[in-house]
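No value in this document is a laboratory result; all are computed from the given coordinates. No experiment lies behind these values; they were computed from the predicted model shown. With ideal geometry, Cβ positions are generated from the backbone for all residues, glycine too; neighbour counts draw on all protein chains shown.
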Amino acid sequence: MLIITYYWPPSGGAGVQRWLKFVKYLAKFNIEPHVYTPENPEAPAKDESLMKDIPKEAVIVKKPIFEPYGFYKKFTGNKKSVNAGFLSENKDSRKKLTEQLSIWVRGNYFIPDARKFWIKPSIRFLKDYIQKKGIDTIISTGPPHSMHLIALGLKKQLGIKWIADFRDPWTNIDFYKDLMLTKASDRKHHRLEREVLQTADEVITIGKTMACELEEVRGKEVNVITNGYDSDDFNVIDKKKSDYFRIVHVGSINADRNHQIFWQGLKEICDDNTAFRKSLKIKFIGKLDYSVIESVGKYELSDKFEQIEYVTHNKVQAFLFDSDILYLPLNNTPNAKGILSGKLFEYLATGKPILGIGHPKGDAAEIMEETKAGVMIDFSDKESLKQYIISEYTARSDSSKANMNKRNQYSRESLTKKLIELF
């Protein structure tokens, strides 16, 4: 089979994990995976440690890609890698006219995304490659949704079996409204999304709510295969005892995930309990919207707070185990019910208590309830948040009451078996 993916090692970040791990276990089930990916992508980070998960049986095919991000960086003066999800590390960046103009151009001229220039050359190359190698199934994973359009072109020309994997929504993603689309551009996004969903032989996605939303457009079943955790990543972990009460978050936080009740609740507990304040440590690993740093200062928690901008995936697990609560803030947006962060599954693998802020009846909350992994607090329920933090501070247990048997269904190996059943 052939997997068409933009994200692949040595690129780092959440977008890499899903298909890297599928490829790892597909090889163990005697399936030969071929991976088609850009030679020079605009990666959010690099993580050489992920290379170890690429099995020797996998055939990796890389081709150059043209992306307009070089022009974008010169135009906006931004020299860093481009942030997804409208995360602004600098307070002034949202107010720049150049930034606003760039967003408008991105939404209306680069449809479905800035990787659109890779679609036609990829179809030309892969048409011959598929026939020469005897590939009988292709899988496209998005975003970026240009990967789906490559597969769509191949489906039309070759009639090959095609599975489209949606790791995130297309027109229902939380920042779609921020793209400043014209009516014509909005219609084009929806038309392309509908064509992909209705032409693919099978569609898979990461959660129940997103599956229901995609089914409305597709007109038939969408399969759910969630993200997960790799047992191999959690085999040798030194679980350290600490005198501190440690709240840890791993991953980026944009403005929609920066919930004020978290900071307000912590400040109020600190004001009421001197011992708690002395023992509290808050550690965030990942890129943060400037509003997070503002909140830390506003609620007088700067001396309790530490940010580490990025760590490689092979070092993340040590931070997860070096915690008393794992923090899971989800986006406070109209599609909140269907948000199912990939980090939840790695959190589950630790057995540590999880404090979520999100939709209390959403997909993530359902999994947390099923595995007895922690609580999902509603976006405005500060008192329940405080009660949970105080109860965990008082208990200071080594692990949560997580059902560790229930979690096995979310191992990457188990999920790959589900994928093979779909084939």
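What to note about this one:
- Residue (of 280, 125, 264) at the positive-pole extreme of the chain, dipole from beta-carbon charges: 125
- Rounded D (µm²/s) - the stretch 237-277, Kirkwood Rh over Cα pairs, Stokes-Einstein at 4 °C, 1.567 mPa s: 102 µm²/s
- Taking the chain as a Gaussian network of alpha-carbon nodes connected by springs under 10 Å, the highest mean-square fluctuation of the residues 184, 45, 365 belongs to 184.
- Reachable aspartates and glutamates from residue 406, criterion Cα separation under 16 angstrom, eight or more residues apart if same chain: 230, 346, 363, 366, 369, 370
- What the Cα convex hull of the chain gives, in volume per residue, is 136 Å³.
- Using a cut-off of 22 Å between Cα atoms, the listed pairs 208/287; 241/283; 120/418 include 208/287; 120/418 as exceeding that distance.
- Computed FRET value (nearest 0.05) for residue 234 with residue 46, which takes r as the C-beta separation and R₀ as 25 Å: 0.60
- Residue with peak Gaussian network fluctuation, the chain [Cα springs, cutoff 10 Å], from 274, 371, 205: 274
- Mean separation of Cα contacts under 8 Å (6+ apart) over length of the chain, as relative contact order %: 14 percent
- Computed label-point distance, nm, for sites residue 103 and residue 242 using a 7 Å Cα→Cβ extension: 3.5 nm
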